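Engineer: First the structure, which I've put down as structure tokens, then a few questions once you've had a look.
Bear in mind that the values in this text are calculations on the coordinates, not laboratory data. Fair warning: this is a prediction, and the values are worked out from it, not measured in the lab. Using ideal geometry, Cβ is built from the backbone for each residue, glycine included, and neighbour counts are taken over all protein chains shown.
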Amino acid sequence: MEILFWLVVGVIAGALAKAVVPGEGPGGVLGDLVIGIVGAFLGGWLFRQFGSAGPQTYNWLWSILVAFVGAVVLLFVLRALTRSRAR
């Protein structure tokens, strides 16, 4: 059940991050949703490094916020890398 929770949170975070970060991500919409799922794990790691609580399965809003931050960071990094390769 926890894996399903992370998939749902990651997809929501990916959709929100796509709306905030300008440009087209690698892989289009589906790629951005996958980035959201990976970003959920990245966000959890980042928040734990700064001493804050990571994502929690019993707190949807906090988990979505953490995953959203991770997805935005990951999208910025990936888009910067793909932009520099295109030059």
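Engineer: In sequence order, what are the phi-derived ³J(HN,Hα) couplings for region 33-42 according to the Karplus relation 6.51 cos²θ - 1.76 cosθ + 1.60 with θ = phi - 60°, rounded to whole Hz, with x for glycine and proline?
Structural biologist: Ordered by residue, 3J(HN,Hα) equals 5, 5, 4, x, 5, 5, x, 4, 5, 4 Hz.
Engineer: List the chymotrypsin sites (Phe, Trp or Tyr not before Pro) in region 1-52 that DSSP assigns to loop (not H, G, I, E or B) and whose Cβ has at most 15 other Cβ atoms within 10 Å. Which are they?
Structural biologist: Answer in residue order: Phe50.
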